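Following: one structure in structure tokens, then a few remarks.
The values are calculated or read from the model by the stated rules, or taken from the named source; none is laboratory data. Being a predicted model, the structure only gives us computed values, none of them experimental. Using ideal geometry, Cβ is built from the backbone for each residue, glycine included, and neighbour counts are taken over all protein chains shown. Heavy atoms of the whole protein, side chains included, go into the accessibility calculation; ligands, DNA and RNA do not. Shrake-Rupley method; radii C 1.70, N 1.55, O 1.52, S 1.80 Å.
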Amino acid sequence: MAEILKVGNQCAACPQVDFLPILCDCGQQFCKDHIAPDAHDCAAAGIQAQNNFEDKLQRCHFEACNKPSLNLSSTSSSSASCSQCGHDFCVEHRHPNNHNCSTAPPTLPKNEAARALLAKHFPTTESSQKPQASSSTTKPPKPNDTKAAQLQKLEMMKMRHKAVPVDPKDKATVPVTQRRFVKAKVEGGKEEKLYWTQKIVSTGKVFDLLATGLGIPTSRLSQYRLYKVIGGEKIPLRNDKLFADEVDDGTSVVFAVPSDSTAAANDN
């Protein structure tokens, strides 16, 4: 057992012994769950480290995953990239079937000798040959809008770096996967702030915390309702539900004075 433990190192933030630990700029080694600077109170995480964090740590391209990819540096190429779509993924999502790869593998031409043999022993009529001829001409797959996906991913990463906890008691050690990131403002106001909250918090509590952060007076708080904005439409949120179940990462939420019909629907 002692010889086995000599392989790899223990994470500096938890008891886990990682066989492939990742070296941080602060000089310590961490597991995949604590390599992010905000996950281990990194002493080297200054302004420059935050600006260059995206270049030093490449995240898994899979939308619902935030683990480091096999290609840790976003500035260098790696054989760990998907051979079909070219994106970088973690160990769990590296196979095309595990990240719903949208780029189909190239279609190989049919074996002409086999086709001739089949035609010799199993002659077909002209009508039955037409579908076969049409099937040989396959339509090219629709182009994958990778640029839009990369821009969306970049915006989300910037938001995670700039967002502050809506609850001042929350610490930076809360894993990123357990956070919900939103944009919040008061209707008619110009300033929109970036916040994150734990996924286990109710909408009612988030309502009170956001109201404090946005400076809504307590005397006027009963006049407002909290909405999420989807495609320009305001959808009221239920205070008795979990906030993370009602909104997605990057959703815009707004405090607004509801009309009578909207207020009645939200109360029900």
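Key figures
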| quantity | calculated |
| --- | --- |
| Amide N of the range 186-221 lying under 20 Å from the label point, which is placed 7 angstrom from the Cα of Thr177 along Cα→Cβ | 196-201 |
| Solvent-accessible area per residue for the range 158-197 (1.4 angstrom probe, square angstrom) | 59 |
| Within the accessible area of the range 174-268 (1.4 Å probe), percent carbon and sulfur | 47 |
| Calculated P(r) of the range 150-263 - Cα pairs past 22 Å, % | 29 |
